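Comments concern the structure below.
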Amino acid sequence: MEIADMLDLAQPYMAYLKAILILIVAFIVIGFIRRSIRRYLSNTILPLDTQNLLRRTVVYILWFIVIMSITAELNLENILMPIIGASVFIGAAVALAVKNILADALAGIFLLLDKHFNIGDQIETMKYKGEIIDVTLRKTRVKIDDGTIVVLPNGKIDSSGWMLHTKMTETEGN
(Lines give C-alpha, C1' and ligand atoms only; values in the text may rest on other atoms or scores of the structure.)
Protein backbone atom coordinates (compact mmCIF):
# COMPACT_ATOMS: atom_id res chain seq x y z
CA MET A 1 0.00 0.00 0.00
CA GLU A 2 1.43 3.34 -1.04
CA ILE A 3 1.38 6.62 0.89
CA ALA A 4 -1.13 8.12 -1.54
CA ASP A 5 -3.53 5.25 -0.86
CA MET A 6 -3.14 5.72 2.89
CA LEU A 7 -3.87 9.44 2.58
CA ASP A 8 -6.99 8.66 0.57
CA LEU A 9 -8.18 6.30 3.31
CA ALA A 10 -7.51 8.90 6.03
CA GLN A 11 -9.18 11.76 4.14
CA PRO A 12 -12.69 11.28 5.64
CA TYR A 13 -11.20 11.39 9.15
CA MET A 14 -8.96 14.45 8.71
CA ALA A 15 -11.58 16.91 9.97
CA TYR A 16 -11.99 14.86 13.16
CA LEU A 17 -8.24 14.64 13.64
CA LYS A 18 -7.95 18.41 13.20
CA ALA A 19 -10.74 18.94 15.75
CA ILE A 20 -8.96 16.70 18.27
CA LEU A 21 -5.70 18.57 17.62
CA ILE A 22 -7.48 21.91 18.17
CA LEU A 23 -8.86 20.61 21.49
CA ILE A 24 -5.45 19.38 22.70
CA VAL A 25 -3.74 22.66 21.79
CA ALA A 26 -6.62 24.64 23.34
CA PHE A 27 -6.31 22.80 26.68
CA ILE A 28 -2.60 23.57 26.81
CA VAL A 29 -2.81 27.20 25.66
CA ILE A 30 -5.87 28.12 27.74
CA GLY A 31 -4.31 26.53 30.81
CA PHE A 32 -1.17 28.61 30.28
CA ILE A 33 -3.21 31.78 29.74
CA ARG A 34 -5.30 31.09 32.87
CA ARG A 35 -2.15 30.71 34.99
CA SER A 36 -0.59 33.82 33.47
CA ILE A 37 -3.71 35.90 34.17
CA ARG A 38 -3.87 34.57 37.74
CA ARG A 39 -0.21 35.51 38.32
CA TYR A 40 -0.70 38.97 36.81
CA LEU A 41 -3.92 39.73 38.69
CA SER A 42 -2.52 38.53 42.01
CA ASN A 43 -0.07 41.46 41.84
CA THR A 44 -2.88 44.01 41.45
CA ILE A 45 -5.06 45.65 44.09
CA LEU A 46 -8.24 44.18 42.62
CA PRO A 47 -10.43 42.22 45.05
CA LEU A 48 -10.50 38.43 44.65
CA ASP A 49 -14.10 38.52 43.34
CA THR A 50 -13.08 40.87 40.54
CA GLN A 51 -9.96 38.85 39.74
CA ASN A 52 -12.03 35.65 39.43
CA LEU A 53 -14.62 37.41 37.28
CA LEU A 54 -11.99 38.76 34.86
CA ARG A 55 -10.12 35.45 34.65
CA ARG A 56 -13.30 33.44 34.02
CA THR A 57 -14.51 35.91 31.39
CA VAL A 58 -11.28 35.57 29.41
CA VAL A 59 -11.32 31.77 29.69
CA TYR A 60 -14.97 31.56 28.58
CA ILE A 61 -14.29 33.76 25.56
CA LEU A 62 -11.31 31.58 24.59
CA TRP A 63 -13.36 28.37 24.90
CA PHE A 64 -16.11 29.94 22.80
CA ILE A 65 -13.54 30.64 20.08
CA VAL A 66 -12.29 27.04 20.29
CA ILE A 67 -15.82 25.65 19.99
CA MET A 68 -16.52 27.86 16.98
CA SER A 69 -13.27 26.69 15.35
CA ILE A 70 -14.19 23.05 15.86
CA THR A 71 -17.67 23.74 14.53
CA ALA A 72 -16.22 25.26 11.38
CA GLU A 73 -13.72 22.41 10.99
CA LEU A 74 -16.46 19.77 11.20
CA ASN A 75 -18.82 21.76 8.91
CA LEU A 76 -21.55 21.92 11.54
CA GLU A 77 -22.50 25.55 10.87
CA ASN A 78 -25.80 24.65 9.20
CA ILE A 79 -26.87 22.56 12.16
CA LEU A 80 -25.72 24.99 14.84
CA MET A 81 -26.86 28.31 13.32
CA PRO A 82 -30.51 27.87 14.41
CA ILE A 83 -29.33 26.84 17.88
CA ILE A 84 -27.06 29.88 18.11
CA GLY A 85 -29.92 32.09 16.94
CA ALA A 86 -32.19 30.69 19.62
CA SER A 87 -29.47 31.09 22.23
CA VAL A 88 -29.43 34.83 21.53
CA PHE A 89 -33.05 35.02 22.64
CA ILE A 90 -32.34 32.82 25.66
CA GLY A 91 -29.35 35.02 26.52
CA ALA A 92 -31.51 38.14 26.32
CA ALA A 93 -34.10 36.58 28.62
CA VAL A 94 -31.43 35.55 31.12
CA ALA A 95 -29.87 39.03 30.97
CA LEU A 96 -33.22 40.60 31.78
CA ALA A 97 -33.70 38.14 34.62
CA VAL A 98 -30.32 38.88 36.21
CA LYS A 99 -30.28 42.60 35.43
CA ASN A 100 -30.25 43.64 39.09
CA ILE A 101 -27.51 41.15 39.98
CA LEU A 102 -25.34 42.46 37.15
CA ALA A 103 -26.04 46.06 38.16
CA ASP A 104 -25.05 45.25 41.76
CA ALA A 105 -21.87 43.51 40.61
CA LEU A 106 -20.82 46.39 38.34
CA ALA A 107 -21.59 48.93 41.05
CA GLY A 108 -19.60 46.79 43.48
CA ILE A 109 -16.62 46.78 41.14
CA PHE A 110 -16.73 50.57 40.93
CA LEU A 111 -17.21 50.99 44.68
CA LEU A 112 -14.29 48.65 45.41
CA LEU A 113 -12.00 50.25 42.83
CA ASP A 114 -12.85 53.87 43.62
CA LYS A 115 -12.28 53.36 47.37
CA HIS A 116 -14.80 56.04 48.36
CA PHE A 117 -15.37 54.31 51.67
CA ASN A 118 -13.72 51.49 53.59
CA ILE A 119 -14.59 49.03 56.32
CA GLY A 120 -14.97 50.93 59.58
CA ASP A 121 -16.17 54.18 57.99
CA GLN A 122 -19.45 55.74 59.07
CA ILE A 123 -21.81 56.05 56.14
CA GLU A 124 -25.36 57.25 55.58
CA THR A 125 -27.17 55.85 52.58
CA MET A 126 -30.79 55.39 51.70
CA LYS A 127 -32.42 55.48 55.16
CA TYR A 128 -29.59 53.80 57.09
CA LYS A 129 -26.68 55.27 59.02
CA GLY A 130 -23.96 53.10 60.49
CA GLU A 131 -20.54 51.54 60.25
CA ILE A 132 -19.47 49.59 57.19
CA ILE A 133 -18.48 46.10 58.25
CA ASP A 134 -18.13 44.40 54.85
CA VAL A 135 -18.07 45.31 51.15
CA THR A 136 -18.30 42.53 48.57
CA LEU A 137 -18.88 42.53 44.85
CA ARG A 138 -22.68 42.58 45.18
CA LYS A 139 -23.51 43.70 48.72
CA THR A 140 -22.42 46.13 51.42
CA ARG A 141 -23.11 45.33 55.06
CA VAL A 142 -23.74 48.23 57.45
CA LYS A 143 -24.08 47.89 61.22
CA ILE A 144 -26.54 50.53 62.39
CA ASP A 145 -26.64 52.08 65.88
CA ASP A 146 -28.89 49.46 67.47
CA GLY A 147 -26.51 46.65 66.39
CA THR A 148 -28.63 45.45 63.48
CA ILE A 149 -26.69 44.51 60.35
CA VAL A 150 -28.30 45.79 57.18
CA VAL A 151 -27.33 44.23 53.85
CA LEU A 152 -27.63 46.73 51.00
CA PRO A 153 -27.21 46.00 47.29
CA ASN A 154 -24.34 47.99 45.78
CA GLY A 155 -26.45 49.08 42.81
CA LYS A 156 -28.89 50.86 45.12
CA ILE A 157 -26.09 52.47 47.14
CA ASP A 158 -24.43 53.72 43.97
CA SER A 159 -27.65 55.05 42.44
CA SER A 160 -29.05 56.64 45.61
CA GLY A 161 -25.77 58.13 46.76
CA TRP A 162 -24.25 58.18 50.22
CA MET A 163 -22.87 60.54 52.80
CA LEU A 164 -19.52 59.59 54.29
CA HIS A 165 -18.97 60.61 57.90
CA THR A 166 -15.58 60.68 59.56
CA LYS A 167 -14.11 57.39 60.66
CA MET A 168 -14.72 56.72 64.32
CA THR A 169 -11.45 56.48 66.31
CA GLU A 170 -10.92 54.56 69.54
CA THR A 171 -10.70 57.77 71.62
CA GLU A 172 -14.07 58.96 70.32
CA GLY A 173 -15.67 55.63 71.23
CA ASN A 174 -14.58 55.83 74.91
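The values are calculated or read from the model by the stated rules, or taken from the named source; none is laboratory data. The shown structure was predicted, so the numbers you read here are calculated from the model rather than taken from an experiment. All Cβ positions, glycine included, derive from the backbone under ideal geometry; neighbour counts span all protein chains shown. Accessible surface areas use protein heavy atoms only, side chains included; no ligands, DNA or RNA. Shrake-Rupley method; radii C 1.70, N 1.55, O 1.52, S 1.80 Å.
Values as computed for the structure displayed
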| read-out | value |
| --- | --- |
| Computed helical MRE - 222 nm, the chain, DSSP H runs ≥ 4 contributing -39500 (n - 2.57), nearest 500 | -21000 deg cm²/dmol |
| Debye, to nearest 20: dipole size of the chain, +1 on Lys, Arg Cβ, -1 on Asp, Glu Cβ | 280 debye |
| Label-point gap, in nm, between ILE30 and ALA92 - each point 7 angstrom along Cα→Cβ | 2.8 nm |
| GNM top mover of ALA93, ALA107, ALA26 - the chain, alpha-carbon springs below 10 Å | ALA93 |
| The chain - accessible surface per residue (Å², probe 1.4 Å) | 72 Å² |
| Diffusion constant of the chain at 25 °C, which comes from Stokes-Einstein with the Kirkwood Cα-pair radius and 0.890 mPa s, µm²/s | 119 µm²/s |
| Contact order relative to length of segment 21-174, as percent, for alpha carbon pairs under 8 angstrom and 6 or more apart | 18 percent |
| Positive minus negative residues near LEU113 (Lys, Arg vs Asp, Glu; Cβ under 13 Å) | -2 |
| Whole-percent carbon and sulfur share, accessible surface of the chain, 1.4 Å | 65 percent |
| Max mean-square fluctuation residue, GNM over the chain, Cα-Cα springs under 10 Å, options LYS156, LYS127, LYS18 | LYS127 |
| R0 of 22 Å, Cβ-Cβ distance SER69-GLN11: FRET efficiency to nearest 0.05 | 0.60 |
| ³J(HN,Hα) computed for each position of segment 55-71 - Karplus, 6.51 cos²θ - 1.76 cosθ + 1.60, integer Hz, glycine/proline x | 4, 5, 4, 4, 5, 5, 5, 5, 5, 4, 4, 4, 4, 5, 5, 5, 4 |
| Cα gyration tensor shape of segment 43-85, rounded if a/c is under 1.5, else prolate or oblate by comparing a/b with b/c | prolate |
| Placed amide H near THR136: partners under 5 Å, 5+ positions off or other chain | ARG141 |
| Which of LEU46, VAL66, ILE20, positive extreme of dipole for segment 1-74 (C-beta unit charges) | LEU46 |
| Chain lengthening between LYS18 and ILE79 when straightened (0.36 nm per residue, less Cα-Cα) | 20.0 nm |
| Cα-Cα separations in segment 96-165 greater than 17 Å, expressed as whole percent | 34 percent |
